[in-house]
Amino acid sequence: MDRLILQTVKHLEDLPTLPSVAVEVMSLSRSPDVSIKTISECIHKDPPLAAKVLKLANSAFYRRGAHEIETLHRAILLMGLNEVVNITTSVSVLSSLGSRKSQEQNIRKKFWQHCIATGLIARRIDTRLHMSLQGREFVGGLLHDIGKIILDEYFHDQFMQAHALSIERQCSMFEAEQEILGTTHMEIGHFLAQKWGLPPYIADIILNHHHPRDARFKDITSVVSIANLLAKASELSCGGDSMSFVLKDQQGWQILKKMGHPMDSIDLERFSFEIGDIGEEVKEYITTVSDQEDRERAYA
Ligand SMILES: [Fe+2]
Ligand SMILES: [Fe+2]
């Protein structure tokens, strides 16, 4: 089948788009001397987006201190510009893709649960290793598999065949996709990330989360790669993708170790136990970011 599907996706005219404000915020944030005022005014141009960002800033996931954060300006002061930009990116992508319908709603629900779990576990790894990735690891985890949404939506039958094949053979989804569709969710997602102008580190994570050795941003891609495996191990998987593995033998783990991160400080048994409650945190995140309608439509 060669590259036919990837080429077809590149020419689709009705691919989902990102809210224009999100694109503007990402581009503004790349400028080194952007002011807090400019960013907060930009987010305010999209009031529902601004409201969701503030709601998340005040949620259990981000809230710092006892007082409610009442303005975006204050949120940026307290949380830092990067974290607020990352929240804006997450909320925007979820609003663009979270409402996309699937013929198999149950699989779609599991998909989002898996992605959110990956983001949350990546955040715990970042904290444990003191990497200060400033929320980029969460966005990367949340978005790592977005190519699957496009494959499911536009090539549903083949995508379902790949899904069945991965279960039958107990192989990775990307191997089954390659065989049935001639491309993978990584390639499709990478194309979408570039089309949307998502930051290069996100595009890199999307393309290389199954083989972080090839990544340009090796540290963050490795974190997401490990988080992806752990999310699968916690049964927050969205395919037949739940193979057993030894974490210490995985590329991501080896890369971080070689970079000098204190991998031995992670007691794997204890860490796995600690992420055992991630399902509850996933539900809480979904409740915070989505409206009742969204939740009924897509996530939970
Ligand atoms: Fe993946
Ligand atoms: Fe994944």
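Within the set A66, A60, the sole residue that is more than 23 Å from the chain's Cα centre (by Cα) and surrounded by fewer than 19 Cβ atoms within 10 Å (Cβ to Cβ) turns out to be A66. Within region 202-218, being buried (at least 20 other Cβ atoms within 10 Å of the Cβ), assigned to a helix (DSSP H, G or I) and away from ligand 2 (no atom under 12 Å from the Cβ) holds for I202, A203, D204, L207, N208, P212, K218. Consider region 108-129 and keep the residues that are within 15 Å of ligand 1 (Cβ to nearest atom) and over 19 Å from L192 (Cβ atoms). The one that is surrounded by the most Cβ atoms within 10 Å (Cβ to Cβ) is A122. Scanning region 167-196 for residues that are more than 17 Å from Q7 (Cα to Cα), within 11 Å of ligand 1 (Cβ to nearest atom) and surrounded by 21 or more Cβ atoms within 10 Å (Cβ to Cβ) yields M173, F174.
Does region 9-29 hold any residues that are free of Cβ contacts under 8 Å to residues at least 60 places away in the same chain and either under 30 Å from G80 (Cβ atoms) or among the β-branched types (V, I, T) (or both), and which are they? Matches in region 9-29: S20, E24, L28, S29.
Residues in region 241-258 that are touching a helix residue (DSSP H, G or I) at 6+ places or on another chain (Cβ under 6 Å) and either at pLDDT 90 or above or basic (K, R) (or both): Q251, G252, W253, I255, L256, K257. Exactly one residue among S59, S31, S99 is over 25 Å from T17 (Cβ atoms) and not in a helix (DSSP H, G or I), and that residue is S59.
Can we say M160 is more than 21 Å from K37 (Cα to Cα), part of a loop (DSSP other than H, G, I, E, B) and of a type in the set (A, V, I, L, M)? Against the criterion (more than 21 Å from K37 (Cα to Cα), part of a loop (DSSP other than H, G, I, E, B) and of a type in the set (A, V, I, L, M)), M160 does not qualify.
Contact annotation: residue pairs with Cβ atoms under 6 Å, 6 or more positions apart or on different chains, pairing a residue in region 219-235 that is more than 14 Å from K258 (Cβ to Cβ) with a partner that is near ligand 2 (Cβ under 9 Å from one of its atoms) and among the acidic types (D, E), are K232/D241.
The values are calculated or read from the model by the stated rules, or taken from the named source; none is laboratory data. What you are looking at is a predicted structure, and each value in this text was computed from that prediction instead of being measured. As a convention, Cβ positions derive from the backbone with ideal geometry for all residues, glycine included, and neighbour counts pool all protein chains shown.
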